[in-house]
């Protein structure tokens, strides 16, 4: 392995370690939200933290950062359809006032 | 692999959507039911699974660097962490069975805290369906990682690179599902 390659390898390794530590920090954050006041916003904070974690895993562990456009498009598509499914379902429930 | 993952997103997504509707409608019952789950074990398990994703990412990095030994070590660590996760999950299930929290074992003692017993039972239906489905995915994942490790032992790293990468994508997806399940199930009303 040339020195340029091993340098890139070391940088990639460092990125993975940093992402892993960030994920554990976010987990600690979401677990400690329970001990904060403002009960009304806990669910929203926890959801935001979960999304941040998913984004970190997607971009760095699943390498979406450097994937082909096609792979990114399909990944985004999956979440787009899910977002549509959720939005329309919740809109339906909300508008009809289902109890 | 990405196409398969997109279909899996919608597979789990439908359950998530249905759960969200009931979680909103029966907020009080879902919160009191969620408090019966083991917050500590759930949190530890999340850390275990996040770490298994890290070792899986290390395996992909190692196979790209053509280091067979590091690849196998990282894959083995991933399998061990996945097994630990399943072990802890099994421990939780056994506690919940003993406490008659499983809907099919529910008896008169099922009702607890604020809310209605029927709605709390619904929470546990969701809990067992979603964590069970997730566990099945993890069992499959462990099997695939073991298989890929054996192939890495036999062939040179260049030939298994795409295999390790694809397996990694699946593993990380299963991790992401848990990243959402954890606050959805364990942190309700906390």
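The values are calculated or read from the model by the stated rules, or taken from the named source; none is laboratory data. From a predicted model like this one, the values you see are computed outputs, not experimental measurements. Positions of Cβ are generated from backbone atoms using ideal geometry, with glycine treated the same way; all protein chains shown enter the neighbour counts.
A few remarks follow.
- From the list A:9, A:42, the one residue that fits, being at the interface with another protein chain (Cβ under 9 Å from one of its Cβ atoms) and more than 22 Å from the chain's Cα centre (by Cα), is A:9.
- Count - residues of the stretch B:56-75 that are in a helix (DSSP H, G or I), at the interface with another protein chain (Cβ under 9 Å from one of its Cβ atoms) and surrounded by fewer than 22 Cβ atoms within 10 Å (Cβ to Cβ): 2
- Matching entry among B:133, B:101, B:91 (being away from chain A (no Cβ under 14 Å), in contact (Cβ under 8 Å) with a residue 60 or more places away in the chain and surrounded by fewer than 18 Cβ atoms within 10 Å (Cβ to Cβ)): B:133
- Within the stretch A:51-89, the set of residues being farther than 23 Å from residue B:58 by Cβ and at the interface with chain B (Cβ under 7 Å from one of its Cβ atoms) comprises A:74, A:77, A:78, A:79, A:81, A:82, A:85, A:86, A:89.
- Residue match in the stretch B:34-49 (condition: modelled with pLDDT under 95, more than 9 Å from chain A (Cβ to nearest Cβ), buried (at least 20 other Cβ atoms within 10 Å of the Cβ) and in a helix (DSSP H, G or I)): yes
- If you go through the stretch B:76-87 and keep only what is buried (at least 16 other Cβ atoms within 10 Å of the Cβ), more than 13 Å from residue B:134 (Cβ to Cβ) and under 14 Å from the mean Cα position of the chain (by Cα), you end up with B:78, B:79, B:81, B:84.
- Pairs, first free of Cβ contacts under 8 Å to residues at least 24 places away in the same chain in the stretch B:6-30, second not in a helix (DSSP H, G or I), C-beta under 9 Å, six or more apart: B:21/A:98; B:25/A:98; B:25/A:99
- Taken as a whole, the stretch B:94-103 holds at least one residue that is over 14 Å from the mean Cα position of the chain (by Cα), within 30 Å of residue A:91 (Cβ to Cβ) and in a helix (DSSP H, G or I).
- In the stretch B:149-167, the residues that are at pLDDT 90 or above reach residues that are assigned to a loop (DSSP other than H, G, I, E, B) with C-beta atoms within less than 7 angstrom, at least six apart or across chains, in these pairs: B:166/B:1.
- Residue check, residue B:145 farther than 28 Å from residue B:102 by Cα, touching a residue at least 24 places away in the same chain (Cβ under 8 Å), away from chain A (no Cβ under 14 Å) and surrounded by 22 or more Cβ atoms within 10 Å (Cβ to Cβ): yes
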